[in-house]
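To start, the structure under review is shown below, and the notes come after it.
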Amino acid sequence: MPRAPRRPSEETRLAAYKPGVDVARSRRRREDRLLAVRRRNRDAGLFKCRRDEPTPAPAATPSQADVPATTSPPSSGPSSPPSSPHAEGPRTATDPELEGLSEMVEKIWSEDITSQLEATVQFRKLLSDEKNSTVIKIIRADVLPRFADFLSRHELPQLQMEAAWVLTNIAASDYTLLVAECGAVPRLVELLGSPNANIRHQATWALGNIAADMPSCRETVLDHGAVTPLLAQFREDMKVPVLRTATWALSNLCFGKLPAEVKVKPILEIVSQLIHSVDEKILADACWALCYICDGVSDGIQHVLGAGACPQLVNLLMHGSVSILLPVITALARISSGDDAQVQVLVENGTLNCLAQLLARNYPKSIKKQACLIVSNIATSSKDHIQAVIDADVISPLIFLLKSSEADIKQEAAWALSNAASGGSSDQIQYLVSRGCLEPLCNALTYQDADLVYTCLEGLQNILEAGEVGKQGQESGVNPYAQFILECGCLDKLEDLQEVDDDTIYKLVMKLLESYWEEEVSDDPDLPASNDSAETVETVSEDAAQPTEPSASANETE
Amino acid sequence: MNRGVVLLVNMSLDVTQVLLSAQSADGATRKLAEESLKQFQEQNLPGFLFSLSSELANEEKPEESRRLAGLILKNALDAKEQHRKSELFQRWLALDANVKAQIKALLLQTLSSPVATARSTSSQVIAKVAGIEIPQKQWPELIGSLLSNIHQVQPNVKQATLETLGYLCEEVSPEAVDQDQVNKILTAVVQGMNASEGNSDVRLAATRALYNALGFAQVNFSNDMERDYIMRVVCEATQSPEVKIRQAAFECLVAISSTYYDKLATYMQDIFNITAKAVRGDEESVALQAIEFWSSICDEEIDILDEYSSEFTADSDVPCYYFIKQALPALVPMLLETLLKQEEDQDLDEGAWNLAMAGGTCLGLVARTVGDDIVPLVMPFVEENITKPDWRHREAATYAFGSILEGPSADKLAPLINVALNFMLSALVNDPSNHVKDTTAWTLGRIFEFLHGSALETAPIITSENCQQILTVLLQSMKDVPNVAEKACGALYFLAQGYVDAGSASPLAPFFQDIVQSLLFVTHREDAGESRLRTAAYETLNEVVRCSIEETGPIVMQLVPVIMMELHQTLEAGKLSTDEREKRSELQGLLCGCLQVIIQKLGGMESTKYSFLQYADQMMELFLRVFACRNATVHEEAMLAIGALAYAAGPNFSKYMAQFYQYLEMGLQNFEEYQVCAITVGVVGDLCRALEDKILPFCDGIMTQLLKDLSSNQLHRSVKPPIFSCFGDIALAIGENFEKYLIYAMPMLQSAADLSAHAASADDELLDYTNQLRNGILEAYSGILQGFKSSPKTQLLMPYAPHILHFLDALYNGKDMDDTVMKTAIGVLGDLADTLGVHAGPSISQSISSKKFLEECLASDDPLIKESADWARIAISRAVSG
């Protein structure tokens, strides 16, 4: 039977000529990948539901009269025998291909210790090839509770070890929740006290995997009191791989809000030692733990400072690796959002000197932004702190960033500078101006962020006020700063702000224009009046970022 | 008195004048004329069609008005869009028989017109009418009366009639025409093609008609004598003095090669000689078709060999005759010669298609067909030419080498590539010809695509030693002219792809930052709009990110604000021209696609999963703004990105819902751009899984829209199965709260189930769709059943159980479900038992599904089906035993 003619056209051949990156195909593949994820997640969701045993459906109440009478009454009752020869229960898969598996399952459930161990090892090997479908099969066979049982077989450490290993692997898959809920967690916590070091390591690993999943899993681990025995793992003679696992697990546990009954102090005692480690993995996880604690515990910042972690965190600012630098600087940014006394600790430990060096180097944007954020938070608190910023010579790199970097870094740098300018004394102002801050500050007036613009304006106001004082020393009687702004052409930017639909900005701009450049602007008849739209705009500006709030909010768990 | 005439008398419209005005240069006049034509058509269709056919037939009228009359007539009979098409068919069939008879008579009469355009237009209209009527067994005398024209002496009548027969074969399917009539048509057509036909217009029309009639000739091609005759006439026509006839004859050969591949064995030697002569000496349009013949034979043999090696069939309906393998020693040199006939700058001209391009394409197909055997035939050519001073030789050598990289085994190619790689790298930097560099970069890409990656068993061609050099060259080439840079991006794309499973051993990791920076640099090149360079750079960036390893996660993280800033900037642009807007949309689509890949990457790695979410707010804000720009592709990309973001953010995504919801609804309402609708439906599913019961406040709106979508006959059918699946997602997320939607959703599911239970069609495509629909329905049932499990309202589902069981039984009895449906269906059986428990036990144990169907699934080779079945068995045993 001949097939339909294909008639390949010139276009299809042309499309196949020296194809480069095929956009349509790439797009389709992207979509397919998302579809595959979707299919997997749908199956996993359904599967999770199917795993839950149904609670006995309550008998139909008389009120449910709308249910038609076709419903067969459960008359057969428990006496009717199962119709299928297979239907003895969940553990008897007898199909040819599953034979190996069903045999393994039988062994697991047997009372023979050798069989149990043998099958557990087989399961562990099966799981090591990391295929989800294998995991599913094993879980479908309802064996998880059995492995949980094995964890308690203290007379058989090898069985404990293998069972913990199996559970570790499953917990690393999409089915963590099942491990968290199969009764294994309390036993794993118990195993943290095992005399066998390998078993302790394996249990740590399993718990770390469980805690790394969704909040409810982490809570299960915390509820079973894992923290104290986990902290007991940290001993002088620990091997590096074990220490890595333990640090990683600990940082997973610290993520999010810690329950009130968990004591932070002992955790911090350990972590503040770990941040002196030379191993980068340990160091990174320990720093992330600090980061999480700043956020996840009430008074977290104070706890972290109390544990004496600050000097080392500041030292680590000079670490070469970005993977360390990111948690370190994020933690410091958190601290910088604290109260004045807490910020003072940062200042005393020389944070600013390190930041000045760091800002001058070429680091990734995320790090530069956090650095600017810290400076800006420090510059908000007091004149002393502004002086510290000046003394550390952070201003020059900030101004450089303002001129040269990407827009979002610019924005952070502008915050730092305008905070300093708006709170600075007249000497400090003079210094800032001498470093060339006027022009970039004026340039920042064109940003979309209304809060930032307002702070810049406040900074300018403060500078201009200081200029009034300087004016008395000048023969010309001219405010030098107002003059400078006029000469560098920045006055236009101020004038443009009259068009902005924001009442507070409008008022301040008008005030500045009238106070310092009355002659230049008074002859402009087209000044728009403050209008009604101001109200609607205020709601918009409420959403804009606040200057003192750290921007990295990865750990905000409700 | 006949009605059509009455209506005509009432029309005072001067049709000729209106038709001429409708072609006026003056816009207003034209518009007015079009309006009155439209009005005429709406108010009096029979009169309208009759006037047009009279106009077309009237020799007194100007050529322009006749031509347009025919064109409008044609458009009143057919449309591209299926819906409209069947509407027009119905209207024609409903017309008064007398009117139709008059129109048809006028059309046939026009075939004898001395005016060529009138004849040609008329023959197209006749074919359209035939396309409607012949399947209905109407107009049985048409073919007879056309064939009687053939015997007329006048060549223009003959020509028009042959043309009509050709169009007719294009419009009508072969089943609708009796074999007896087919024989007559073919006889007439082949006679017209014969060298004895003195008029070349007639001969050309006949040759073109044969092209369309080939699909009717199955019986005739099975008969040796008839086939020999047709083949002889076609081959003779390839030698005609008229170039158009030669080209049309080769087009016939191409069509024959795919339609009657298995009947060609005895003619292959002759055909080779004919094609070789044409490739070497004929005009390009003819030579291109001659090459196309061999490409087409390759296509056939590749398909057959694929089926041979496929694990499902392990055989093919048609045996492979290995024509290419036999022709190889002569075919390859002929193709290699063509490679030297490049045009200057053909790589800069998007529409260019010439002998060298066609020859190289064919060579690539030959390599895929015969594998290793081609290598010794091509390599001497490569070695001889690759260092010659003339760029044409170097380019041809490189192109030949690049073309044979897919097909031959890695064992055969690896030693050659190990030698060639350094040469290629140096040529890519140093060759003075852009054309050579373009082809070299493409060849490198082919090397990486086919001979690099963890799946290969040979020793790796790219090692940690030469990887750095390769990268240096590629990154440098990305600064070259746009067409070369685009190919260099492509090479990098495949290089990265090959390391997708490399883990921390990926040798790209140390250079990751440089690679990303270089690609970003390319996207910002002023000339990135040429040769699709920008697009290639972004897609390559996506692939590089997708295949990256955990250790470079922080660098990917740094990319987030960069790409977001780019997207932000596209949104800030002021007033744009249409052209600029289009470019902006394209860029936005690329950026959203890039973010989508990044979200999936960072959201999927432990080390970045949480820290990455710091950008979620800003990202959502951008996506929401993107939705404000109306463009389907951008919507799709942004939607997909949001789906990915929802998975990464989980329940926290709920904070965006209030703002996002309006766009979700907009997407669900987008019938015209149905892909947007389909993707949005999928995203609803993503949201259900991410938000779980937090989706509840939005469900009324979503369900209303989904139900509307299902009831619409405007919406493309492919969206409907995912909508059903989406019901399941929603029910699973909100549990018993789905109660209020049951009275709407269940009847929809039931009627769709009834419709899809019996596909009753041999059409593969339709069966495929039916199975998708079944799967969607079943997923909905599973979701709803599991969603209600353990709820006091479980009883509400009892009334639906009999129908669901009935559906499952029907599917089993139908025997045409695919594996996916089987898996889902047996799962639903388990869900019924699981949720309804002892209440449904008796009806389940009475069903066929619980016996034969379940047993069959338990014995399935497909592990997924078996898993589902295992579970169902357990659930049923619980339900039955209470």
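Annotations for the structure displayed:
- Residue in the range B:654-668 that is touching a Cys at 6+ places or on another chain (Cβ under 9 Å) and without any contact (Cβ under 8 Å) to a residue 60 or more places away in the chain present: yes
- Tally of residues being buried (at least 19 other Cβ atoms within 10 Å of the Cβ) and part of a helix (DSSP H, G or I) across the range B:53-66: 6
- Residue match in the range B:429-444 (condition: charged (D, E, K, R), in contact (Cβ under 8 Å) with a residue 24 or more places away in the chain and within 27 Å of B:V370 (Cα to Cα)): yes
- Close pairs from the range B:557-569: first at the interface with another protein chain (Cβ under 9 Å from one of its Cβ atoms), partner in a helix (DSSP H, G or I) and acidic (D, E), Cβ under 6 Å, at least 6 apart: B:P561/A:D408
- Residue match in the range B:337-351 (condition: in contact with a helix residue (DSSP H, G or I) (Cβ under 9 Å, 6 or more places away or on another chain), small (G, A, S) and assigned to a helix (DSSP H, G or I)): no
Listed here are the residues, each with its yes/no results for (1) of a type outside the set (D, E, K, R); (2) farther than 28 Å from A:G20 by Cβ.
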site	(1), (2)
B:C252	yes, yes
B:N273	yes, yes
B:Y308	yes, yes
B:D317	no, yes
B:F323	yes, yes
B:L328	yes, yes
B:L363	yes, no
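- Residue within the range B:115-134 that is modelled with pLDDT of 90 or more and assigned to a loop (DSSP other than H, G, I, E, B) present: yes
- Enumerated helices (runs of 4 or more DSSP H) restricted to the range A:459-532, each holding at least 1 residues that are modelled with pLDDT of 80 or more, within 25 Å of A:S434 (Cβ to Cβ) and not hydrophobic (A, V, I, L, M, F, W, C): A:480-487, A:491-496, A:503-516
- Top-ranked residue of the range B:648-664 - restricted to ones that are surrounded by 16 or more Cβ atoms within 10 Å (Cβ to Cβ) and away from chain A (no Cβ under 14 Å), ranked as nearest to B:K720 (Cα to Cα): B:L664
- Looking only at the range A:234-248, and only at residues there that are out of contact with any Asp or Glu (no Cβ under 9 Å at 6 or more places or on another chain) and closer than 25 Å to A:I301 by Cα, the one that is modelled with the lowest pLDDT: A:F234
- Restricting the range B:837-861 to residues that are more than 7 Å from chain A (Cβ to nearest Cβ) and more than 41 Å from the chain's Cα centre (by Cα), the residue that is surrounded by the most Cβ atoms within 10 Å (Cβ to Cβ): B:A840
- Failed item in (1) buried (at least 23 other Cβ atoms within 10 Å of the Cβ); (2) farther than 20 Å from B:F381 by Cβ, with B:G351 passing the rest: (1)
- Cross-chain or 6+ apart pairs with Cβ under 7 Å, the range A:285-311 first and over 21 Å from A:E261 (Cβ atoms), then of a type in the set (G, A, S) and surrounded by fewer than 22 Cβ atoms within 10 Å (Cβ to Cβ): A:A286/A:S277; A:G308/A:S272; A:A309/A:S272
- Set side by side, the residues B:S756, B:S751 differ, and just one is closer than 23 Å to B:S843 by Cβ and either at the interface with chain A (Cβ under 10 Å from one of its Cβ atoms) or surrounded by fewer than 24 Cβ atoms within 10 Å (Cβ to Cβ) (or both), which is B:S751.
- B:L590 vs. criteria at the interface with chain A (Cβ under 10 Å from one of its Cβ atoms), under 33 Å from the mean Cα position of the chain (by Cα) and under 22 Å from B:Q618 (Cβ atoms): yes
- Some residue of the range B:671-682 being without any contact (Cβ under 8 Å) to a residue 24 or more places away in the chain and of a type outside the set (D, E, K, R): no
- Here A:E412, A:E406, A:E458 are screened, and the one residue that is more than 14 Å from chain B (Cβ to nearest Cβ) and of a type in the set (D, E) is A:E458.
- Some residue of the range A:393-406 being without any contact (Cβ under 8 Å) to a residue 60 or more places away in the chain and of a type in the set (K, R): yes
- Test: residue in the range B:320-336 that is in contact (Cβ under 8 Å) with a residue 60 or more places away in the chain, touching a helix residue (DSSP H, G or I) at 6+ places or on another chain (Cβ under 7 Å) and part of a helix (DSSP H, G or I): yes
- All positions within the range B:619-631 that are surrounded by fewer than 17 Cβ atoms within 10 Å (Cβ to Cβ) and either within 13 Å of chain A (Cβ to nearest Cβ) or at pLDDT 90 or above (or both): B:E621, B:L624, B:R625
- Just one of the listed residues (B:D411, B:D438) is within 12 Å of chain A (Cβ to nearest Cβ) and within 30 Å of B:V332 (Cβ to Cβ), and it is B:D438.
- Test: residue in the range B:633-647 that is over 29 Å from the mean Cα position of the chain (by Cα), within 11 Å of chain A (Cβ to nearest Cβ), part of a helix (DSSP H, G or I) and crowded, with 20+ Cβ neighbours inside 10 Å: yes
- Subset tally (residues that are more than 14 Å from chain A (Cβ to nearest Cβ), part of a helix (DSSP H, G or I) and not hydroxyl-bearing (S, T, Y)) for the range B:183-229: 21
- Number of positions in the range B:862-876 that are facing chain A (nearest Cβ under 8 Å) and either at pLDDT 85 or above or surrounded by 20 or more Cβ atoms within 10 Å (Cβ to Cβ) (or both): 9
Residue-wise test of (1) of a type in the set (V, I, T); (2) assigned to a helix (DSSP H, G or I); (3) buried (at least 23 other Cβ atoms within 10 Å of the Cβ).
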| position | (1), (2), (3) |
| --- | --- |
| B:E672 | no, no, no |
| B:V676 | yes, yes, yes |
| B:T680 | yes, yes, yes |
| B:V684 | yes, yes, yes |
| B:K694 | no, yes, no |
| B:N713 | no, no, no |
| B:F727 | no, yes, yes |
| B:G735 | no, yes, no |
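- Members of the range A:38-54 that are more than 7 Å from chain B (Cβ to nearest Cβ) and under 14 Å from B:I679 (Cβ atoms): none
- Residue that is nearest to the chain's Cα centre (by Cα), among those in the range A:334-362 that are part of a loop (DSSP other than H, G, I, E, B) and buried (at least 18 other Cβ atoms within 10 Å of the Cβ): A:S337
- Residue count, the range B:425-463 (criterion: surrounded by fewer than 23 Cβ atoms within 10 Å (Cβ to Cβ), within 23 Å of B:A485 (Cβ to Cβ) and more than 30 Å from the chain's Cα centre (by Cα)): 9
The values are calculated or read from the model by the stated rules, or taken from the named source; none is laboratory data. Note that the structure is predicted; figures quoted are calculated from it, not measured. Don't worry about glycine lacking a Cβ; one is built from the backbone with ideal geometry, like all the others, and counts go over all protein chains shown.
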